[in-house]
Amino acid sequence: MSGDVLDYMWLLDRFYKKLPVKTPTQQQLDIPALNIVHVGLQTHIKNFKQVCDVILREPRICARYLLKELGARGSIDESGVFIIYSRVSAHTINTLFKRFLDMYVRCSTCGSYQTELRKAGKVWIIRCLACGAETPVRPI
């Protein structure tokens, strides 16, 4: 009986030695703040395309989420400026954008922002590039 315990402990020790070392230095994504400007009755987000490039999302998907949540109309011009055809406070836009990041960008398993969003049939899936986890999310 004691030989079995020793063999088990030896195998367990060998197993732990072969595991890769977990590095806690997961790089945090530096997401720039949205540059929100009010022009008349419109709201412009000047650096929208650059922010979407950092979070690895298509600007039209992020814009669709924001417009749906705001109940407003809008468009993205050729220079990457997101125009909302109503006056919306910067606080509201930043709150909705943070909610978008939490729901459609951040990995629910490891917390990394290095993810990609893809559509598999009718289901949207977030695939983490850091840990490899796949999480289904609500359609946008």
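Nothing in this text is a laboratory measurement; each read-out follows from the coordinates by a stated rule. From a predicted model like this one, the values you see are computed outputs, not experimental measurements. Quick reminder, even Gly has a Cβ in these numbers, built from the backbone with ideal geometry, and neighbours come from all protein chains shown.
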For residue 124, the residues 5 or more places away or on another chain with a placed amide H closer than 5 Å to its own amide H are 137
From the phi of every residue in region 100-108, what ³J(HN,Hα) in whole Hz does the Karplus formula 6.51 cos²θ - 1.76 cosθ + 1.60 yield, where θ is phi - 60° and glycine or proline is x?
-> 4, 4, 5, 8, 10, 10, 6, 6, 6
Within the set 46/68; 68/98; 68/122; 49/122, which residue pairs have Cα atoms separated by over 22 Å?
-> 49/122
Sequence-distant or interchain residues sharing an amide H contact under 5 Å with residue 56, placed H: which?
-> none
Note on region 14-140: contact order normalised by length, alpha-carbon pairs under 8 Å, 6 or more apart, percent, works out to 19
Would you kindly derive the ³J(HN,Hα) couplings of region 44-56 from the backbone phi angles with the Karplus curve 6.51 cos²θ - 1.76 cosθ + 1.60 (θ = phi - 60°), listing them in order in whole Hz, with x for Gly and Pro?
-> 10, 10, 5, 9, 4, 5, 5, 5, 5, 5, 5, 8, 6
Prolate/oblate/rounded call for region 97-136, Cα gyration tensor, a/c under 1.5 rounded = oblate
Karplus-derived 3J(HN,Hα), 6.51/-1.76/1.60, for each residue of region 115-121, Hz, glycine and proline x = 10, 10, 10, 9, 9, 10, x
Between 0 and 90°, nearest 10: helix 59-70 axis offset from the chain longest Cα axis | 70
Taking the Cα centre of region 45-118 as origin, work out the dipole magnitude from +1 charges on Lys and Arg Cβ and -1 charges on Asp and Glu Cβ, in debye rounded to 20.
-> 200
Span from the region 103-136 Cα centroid across to the region 27-92 one, whole angstrom | 21
Applying a 4.7 angstrom Cβ cut-off across the chain, unpaired cysteine residues come out as 52, 62
Which one of 82, 130, 31 is farthest out on the positive end of the charge dipole of the chain, using unit charges on Cβ (Lys, Arg +1; Asp, Glu -1) and the Cα centre as origin?
-> 82
Calculate, for residue 89 and residue 120, the FRET efficiency according to 1/(1 + (r/R0)^6) with r their C-beta to C-beta distance and R0 30 Å; round to the nearest 0.05.
-> 0.25
With axes computed from alpha carbons, what is the tilt in degrees of helix 2-18 against the longest principal axis of the chain, rounded to the nearest 10 within 0 to 90?
-> 30
Check residue 115: other-chain or 5+ apart residues with amide H under 5 Å from its amide H, H built from backbone geometry?
-> 129
Longest segment of the chain lacking trypsin sites (Lys or Arg not before Pro) that sit in a DSSP loop with at most 12 other Cβ atoms within 10 Å = 23-72
Long-range alpha-carbon pairs in region 68-140, meaning those over 14 Å apart, account in percent for 66
Å³ per residue enclosed by the Cα convex hull of the chain | 150
